[in-house]
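As structure tokens, the structure follows; a few thoughts come after it.
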Amino acid sequence: MKRSLLSGLSALQGLSVLASPLSGRTSGTPETCSEPPATLELSSGPYDNYFYSDCNVAAQVVVTSPLPDSNLSLIGPRLIVAWPAGDSGICTYFAPENGVNGTLGISVVNSTVGSPLSLNYTAKEPNPGVGVQGTLRFNSSAVLTVPILGSIRTIRDFVEGPSLLQPNIQDAIQFTSSPDGSVMLERLWLDNVTTSAIRFTPVNSTSKVTVSGKTVSFEAGDYVFSAEIDYPQLTQLPPAAVLNNVSADLVTKMPVQTTALSFLSYSEKLLAGAWRFLTYFGRDLMITALLMDPVMSYGNASAMEAVLGSVCERINGTDGSACHEETIGDYATWLHLQENVTSTAMICDYKMVDTDFYLAPLMQSYFLNNPVGQTRWQAFSSTPAGAINAANKNLTWGQLALRNAEKTMSQAALFAQNPCKENLVHLKPGEIVGEWRDSTYGIGGGRIPYDVNTALMPAALRAIAALSRAGIYAGRHNWAEQADKYAQIWEDETLHFFQVTIPAETAKQRLTSYVQAGNFPGPAEADTIDSDVVFHALALDGYNNLSQVQVMNSDDCFRHFLLNTTNQPQLTSFINQTATNIRRTFPAGLNSGVGMLVANPAFGPDEVYARNWTTGAYHGTVVWSWQLAMMAKGLERQLGRCNAEHQHAQPDFCADKLVYNNVRDAYNTLWDGIEANKDLLSEEVWSFVYRDGQFTAAPLGNIPPPPGVGAQTESDIVQLWSLTFLAVTRNQAFR
């Protein structure tokens, strides 16, 4: 991967934009910026990404052009311009005019317009049109086949779903030609205020673009594309404001990563990823903050408080649920219209069951363990809610955090009193997703997720106990003891429901069968199985009447990172099986030449496992960067417990030479894989192909999805929680 750093509807008539951005500009000229634009060029496979941000706008351009080995049923010529403001985007698909698929190539090139991008600005009221411009080159004549103007969510639904578009959105696109030879596509949003537009202008007389009805045709050549929206922009945090003073040198040491982090960081919230997730995702933000705690800025107007504040602001004030995903901009207006409501107000998705449990651990990390955070609770907790989520007016962030904790305590009580399967945390009725593996086959249709029950719930309870002892939860002093009691039961009594033990000979047979069935073209690695294979099921009660979803996985990392468990026989056994599975090479384990895989279906007793968890599945036999970071930090924390000053505080596994060395070897195997794939670490997810006897990294979007999945999911080139290697580094003491 190449990386270089360069310095309406009638019902809506009269409706005003209700979003609460932090800056808007109404002057006739762009604001003069005190710093030069921040730009990035990042490429992976057929996707070339260009980032541009200054004091007027932040935008990303993604150009997709098929490579010689691209799967043409998945990859086609496409231009996307994406804005964090409003989670907005413009997407244009192109096809070769000659009809021969694979012959059209497009690229962004340096020109007098930009190197390759520059600011595009149009004076308007109440907000100027802002975006970027650059030069797009066609190697042959082309036709614009599908334009989408408005929301990233609309683009995502088209790209990743059944390729359906809403007529009332598409029919609003206006196609016009101008005397200067340019063609413009423009659409008024459903709010009847905001406009998205993109103009294509020939660079010289050898290039020509024409429009006939809604068909736009290009001759081979260069065209300036100028894209803009007149939606109020967010206030971006520069790299130095996202990092704390001690970590300021990362701006020069890791400029690509810190520039990418800044592109996703704003004064009111951080964003999950570019281009597909340019909005608030509670889980992503809190996991990032937990892993990046050593380097993230803290105090008033800091990145840490932007995360905590954005989560508290969006809590459901009625039941305490944390918001999973925020829907804003044009897509929010469209969703409201489906309910016959005329509004542009943000909408929160509360279907996930895991997001609730990250808040208390993050609050403990900041308000109890950080010296600056210790002084900030009073001011933070008294902040009035409702600026973004109007439903929370008349509440404070502190009150909302309390309601979140009350929900956790209520959920935990039943299992603490009667630790049976029925009292574990289940996905919500009617939902097939509920935690981070939120794809069709992510947890195999399971109703009771492994990570939530064995790690996230007890971690939240431990944090609630600590916060209660510190007086954070007003009037809930009894939680200090009660939450710890609950946590002990959840820590000790949940793992056995998920444990899978496969006798060694059976495990070898399953590996051989997995390879012989054509699921993996490499060695079965059966000779590396020298004992029973032990792992923990992704979930209980899955599809196909599976009582356990028996997929080996990386979610042990949650327990290692978030908990210091004290049931010694259980801890020794658990950390030992984690280490063994990390060390063994796929399909015998999770190790691969492209990093630790998040899933391994090879030991599943039914063919459905190999069919659904593939190299083309979003949560299949693929690598997620943040899981590498959490597992690395989790194993480091557990090994670090062996260095406790008092021997009685050291876990028993520390004195078991075989287990301790197994864990340390796994830590180094993991880090060897991380370092060997350092150029991929900022990406969301990547897959692999196995050829010539080795694993080779491949973009997920290049590989067909499993049967039954409508369309492939492409990885974000930059993902917030994938930037956590700014803080997570190899501990040389454990080499």
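The values are calculated or read from the model by the stated rules, or taken from the named source; none is laboratory data. Not measured: the values here are computed from a predicted model. Here the Cβ positions follow ideal geometry from the backbone for every residue, glycine too, while neighbour counts run over all protein chains shown.
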Filtered residues of region 319-362 (kept if among the hydroxyl-bearing types (Ser, Thr, Tyr), closer than 25 Å to SER410 by Cβ and not in a helix (DSSP H, G or I)) = SER321, TYR350
One residue from ALA526, ALA599, ALA588, ALA617 being more than 30 Å from ALA466 (Cα to Cα), of a type in the set (A, V, I, L, M) and surrounded by fewer than 21 Cβ atoms within 10 Å (Cβ to Cβ) | ALA526
For region 230-239, indicate whether the set of residues that are at pLDDT 95 or above, more than 28 Å from LEU278 (Cα to Cα) and either surrounded by fewer than 19 Cβ atoms within 10 Å (Cβ to Cβ) or touching a Lys or Arg at 6+ places or on another chain (Cβ under 9 Å) (or both) is non-empty.
-> no
Matching entry among ALA480, ALA460 (being surrounded by fewer than 19 Cβ atoms within 10 Å (Cβ to Cβ), at pLDDT 95 or above and part of a helix (DSSP H, G or I)) = ALA480
Scanning for something assigned to a strand (DSSP E or B), within 18 Å of TYR231 (Cα to Cα) and not β-branched (Val, Ile, Thr), does region 178-185 turn up at least one residue?
-> yes
When both residues are 6+ apart or on different chains and their Cβ atoms are under 6 Å apart, which pairs have a first residue that lies in region 343-362 and is modelled with pLDDT of 95 or more, and a second that is among the charged types (D, E, K, R) and part of a helix (DSSP H, G or I)?
-> THR355/ARG283
Only one residue in GLN482, GLN516, GLN488, GLN550 is polar (S, T, N, Q) and either assigned by TED's automatic domain parsing to the domain that holds LEU290 or in contact with a strand residue (DSSP E or B) (Cβ under 6 Å, 6 or more places away or on another chain) (or both). Which one?
-> GLN550
In region 85-136, what residues are surrounded by fewer than 24 Cβ atoms within 10 Å (Cβ to Cβ) and among the charged types (D, E, K, R)?
-> GLU97, LYS124, GLU125
Right, GLY320: out of contact with any His (no Cβ under 6 Å at 6 or more places or on another chain) and closer than 22 Å to TYR486 by Cα or not?
-> yes
Within the group ALA466, ALA507, which residue is surrounded by fewer than 23 Cβ atoms within 10 Å (Cβ to Cβ) and closer than 30 Å to GLY373 by Cα?
-> ALA466
Keeping to region 540-561, report how many residues are assigned to a helix (DSSP H, G or I) and within 22 Å of the chain's Cα centre (by Cα).
-> 6
